[in-house]
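Worksheet for the structure shown next.
The values are calculated or read from the model by the stated rules, or taken from the named source; none is laboratory data. These numbers were taken from a predicted model, which means no experiment stands behind them. In this analysis, Cβ positions are derived from the backbone assuming ideal geometry, glycine residues included, and neighbour counts consider all displayed protein chains. When the accessible area is computed, the model is the full protein with side chains, heavy atoms only, and any ligands, DNA or RNA have been set aside. Shrake-Rupley method; radii C 1.70, N 1.55, O 1.52, S 1.80 Å.
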Amino acid sequence: QVQLVESGGGWVQAGGSLRLSCAASGSIFSINVMGWYRQAPGKQRELVARISRGGSTNYADSVAGRFTISRDNAKNTVYLQMNSLKPEDTAVYFCNQEINYRTYWGQGTQVTVSS
């Protein structure tokens, strides 16, 4: 059984920073793409950033230059460093990992940015 455990969400004022982490555990043979998605109230879930096993990254236009995704393959962990946060970044953030050729989701962590 594979599990993803997220941490690092919370409340922050506009302009502040937060760092999200998502660690995978269980019977893991390979992890390919890791990513972060978010879902704001009343909106669809959207891609924030993703990173390949080799380190190639993609970002949503709305976060490019402010957020940085990284991964530690030895720890089966993906991170999202979020700087210069804006109120419109408020959402539940979900970790997504392709493990053993299957897609797994974290439970979600709330990020709230106040103006």
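At-a-glance table
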quantity	calculated
Dipole moment magnitude, nearest 20 debye, the chain about Cα centre, only Lys, Arg, Asp, Glu C-beta charged	100 debye
Neighbourhood charge, 15 Å Cβ-Cβ cut-off, centred on V78 and excluding it, Lys, Arg +1 and Asp, Glu -1	+3
With every protein chain in place, the range 1-95: carbon and sulfur % of accessible area (1.4 Å)	46 percent
Under 12 Å, Cβ to Cβ, from V2 - net charge with Lys/Arg +1 and Asp/Glu -1	0
Amide proton proximity set for T90, modelled H, under 5 Å, gap of 5+	V113
Percent RCO, i.e. relative contact order, over the chain, from Cα pairs under 8 Å lying at least 6 residues apart	36 percent
Contour excess over end-to-end distance, with Cα ends at K43 and S84 and 0.36 nm allotted per residue	12.6 nm
GNM result for the chain, Cα springs below 10 Å: residue of G65, G26, G55 fluctuating most strongly	G26
Farthest positive-ward along the chain dipole, Cα basis, beta-carbon charges - from V5, L47, T103	T103
Neighbourhood charge, 14 Å Cβ-Cβ cut-off, centred on S17 and excluding it, Lys, Arg +1 and Asp, Glu -1	+2
Within the chain, longest stretch clear of exposed chymotrypsin sites (Phe, Trp or Tyr not before Pro) (DSSP loop, no more than 16 other Cβ within 10 Å)	30-100
Three semi-axes of the equivalent ellipsoid, the chain, Cα gyration tensor, whole Å, largest first	24, 14, 12
